[in-house]
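Okay, structure first, notes after.
The values are calculated or read from the model by the stated rules, or taken from the named source; none is laboratory data. Quantities reported herein were computed from a predicted structural model and do not represent experimental measurements. Glycine gets a Cβ as well: all are built from the backbone with ideal geometry, and neighbour counts include every protein chain shown.
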Amino acid sequence: MTWQTDILRVKGQPNLCKKQEALIILMEECGEVIQEASKILRFGNDTRNLTKELGDLQCMINQTATHLEIDLVQIGIHANVKRDRLKKYSNLL
């Protein structure tokens, strides 16, 4: 049996396993970050809502990694690789 078919009780969704729930909420948080970034570009909104949404996303990255047994150290390694690419291909760093 894989985690996709492993059914655990989750609040409000008795047939949804915790791994699936983590992925769904992660996707929702990604969407909310996208929406707030768009509002800053379109309307010049301040960054308070984006700050909140980035915090929510960071929480769900950690929760998703935990539930899918993804090593947080490996996530950090990939973040460093991305930072190196940004140094090479962008003006952000």
Self-check item: Qualifying positions in the stretch 42-93 - surrounded by 11 or more Cβ atoms within 10 Å (Cβ to Cβ) and not in a helix (DSSP H, G or I)
Solution: N45, T47, L68, I70
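Take the residues in the stretch 12-23 that are within 17 Å of T64 (Cβ to Cβ), out of contact with any strand residue (DSSP E or B) (no Cβ under 9 Å at 6 or more places or on another chain) and of a type outside the set (G, A, S), then tell me which one is modelled with the highest pLDDT. Quick ask: steps written out before the conclusion?
Taking the stretch 12-23 as the starting set, the residues that turn out to be within 17 Å of T64 (Cβ to Cβ) are 13, 16-23.
Within this subset, residues satisfying the condition of being out of contact with any strand residue (DSSP E or B) (no Cβ under 9 Å at 6 or more places or on another chain) are 13, 19, 22-23.
Now drop any that are not of a type outside the set (G, A, S), which leaves 13, 19, 23.
Details: Q13: 64, K19: 92, L23: 96.
Looking at the filtered set, the residue picked out is L23.
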Exercise. Give the number of residues within the stretch 24-38 that are surrounded by 14 or more Cβ atoms within 10 Å (Cβ to Cβ) and more than 24 Å from I70 (Cα to Cα).
Key: 2
